[in-house]
Amino acid sequence: MPGILSALIVLLLGFWRNNRLLIGLASVFLVFYLGALYYSLEWTLLVKSFALMGTGVIMFLLRYFLLRYLKANSQVILLELAPVDPRSLIQGDYMRLRYVISREVEDTNIARDGHIVVRLDKNNVAHYVRIYDPQTPLAQDELLLRYRQRKYDVNIGPESFFFQEGHAKYYSNAHYGEIRVSNGGDVLLVGLRGDNFEQLGPPSP
């Protein structure tokens, strides 16, 4: 039980920080601990069911409070999406994303991990300014975004947007990623927007 909960917390942290290493390690340990729980002879099936249900409730509460924290300590910005291979644009129940700003950062000589400085226009679209230097204070209209360089790619924000099966048609015209940015530059993808900055998604019932 503690192992499953720990793996789920690390998995949630990995998705929040968009860290593939954390996601991979957490997934491996989650499968291991779930298998160990399933084949354990010390607990009855009823106890195992309640344990898994309790873990799910805890994860739901953690996600709820994390989103509330981010909403209170972050602001919404838009990142322009770059074209990707049409064959990989929509795969199953998720959309592969690529950001224009990532390509701009790739053209510079940067450290493996760090922050970039962006400036928002009147529509809250972020534009690349420079690599962050702690010796240079930020202007009033500038923000930090955390980046990670992996091989030949620079990762700025989440690279996948998940949606309900059968809802791909609502997101096919996505032009911007709607991002929440914390004061420290951590990002969370919360939605997609179209050419005219309208929110995309299925119609309200």
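A DSSP coil position with no more than 10 other Cβ atoms inside 10 Å describes the following GluC sites (Glu not before Pro) in the range 137-194: 165. In order along the range 112-125, phi translates into HN-Hα couplings of 5, 9, x, 10, 10, 9, 10, 10, 8, 8, 5, 9, 6, 7 Hz, rounded to whole numbers, per the Karplus curve 6.51 cos²θ - 1.76 cosθ + 1.60 with θ = phi - 60° and x for Gly and Pro. Charges were assigned to the Cβ only: +1 to each Lys and Arg, -1 to each Asp and Glu. The resulting dipole of the range 74-193 about its Cα centre is roughly 160 debye.
Among the trypsin sites (Lys or Arg not before Pro) within the range 139-205, those in coil by DSSP and having at most 15 neighbouring Cβ atoms inside 10 Å are 151.
Distances between placed amide hydrogens fall under 5 Å for residue 130 paired with 117, all partners being 5 or more residues away or on another chain.
Readers should treat all values here as calculations from the given coordinates under stated rules, not as data from a laboratory. On a predicted model such as this, the values are computed, not experimentally measured, just so you know. So basically every Cβ, Gly included, is an ideal-geometry build from the backbone, and we count neighbours across all protein chains shown.
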